[in-house]
Amino acid sequence: MSKLIYILNGPNLNLLGQRQVDIYGGETLEDITRDCTALADELGVAIEQFQSNHEGGLVDVIHQARGQAAGIIINAAAYTHTSVAILDALNTFEGPVVELHISQVHKREEFRHHSYIAQRADAVMAGFGTYGYQLAVRHLAKLLKA
Ligand code: DQA
């Protein structure tokens, strides 16, 4: 069976393609998921995408990932900068975790410079635009097949 990668997206990312297009680009979450699914097929892994506007919803999906997913790509959006609960949940997951941001958060407001998730993440990506999701899938596919 293919190794399964969970792609988790936090609040407001359901509005990608409509929301602050100058920062986050014109692609929707459906576009990203479609491209990542095609790439995952090519690389011999599988992906599942989840989006929630709620902190507890993300915690629940991370619990679900335990025992189901081999790796996690997470863009926790604003919860990156505030959520100890998501950090604690990620600490219960044993596989590799990639923290992802579409924008280059370190070039933006100071409150975006701190990440709770970075304390657990094995890799951190910021500023690659929505193409970053494909780069992260490639990275995890390589790691998981090694
Ligand atoms: C984001 C950056 C966060 O600071 C912000 O709250 C988001 C998206 C990004 O993908 O660049 O919602 O995680």
### Task
Assign one of three labels to the stretch 1-79, namely rounded, prolate or oblate, based on the Cα gyration tensor with a ≥ b ≥ c the square roots of its eigenvalues; rounded applies when a/c is under 1.5, prolate when it is not and a/b is larger than b/c, and oblate otherwise.
oblate
#### Entry: Computed FRET value (nearest 0.05) for Glu42 with Asp122, which takes r as the C-beta separation and R₀ as 35 Å
0.95
### Inter-label distance for Glu30 and His113, nm, one decimal - labels placed 7 Å from Cα along Cα-to-Cβ
3.9 nm
#### Entry: Simple label model, 7 Å out from Cα along Cβ direction - Arg138 to Ser2, nm
1.8 nm
### Summary
Highest mean packing first, using Cβ neighbours within 10 angstrom, the peptides 60-68, 74-82 sort as 74-82, 60-68
### Query
Using alpha carbon coordinates only, what is the Rg to Rh ratio of the chain, with Rh defined as the Kirkwood radius?
0.93
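Laboratory data are not the source of any read-out in this text; all were calculated from the coordinates shown. Please read these numbers as outputs of a predicted model, since none were measured by experiment. Heads up, the Cβs are rebuilt from the backbone with ideal geometry, glycines too, and the neighbour counts pull from every protein chain shown.
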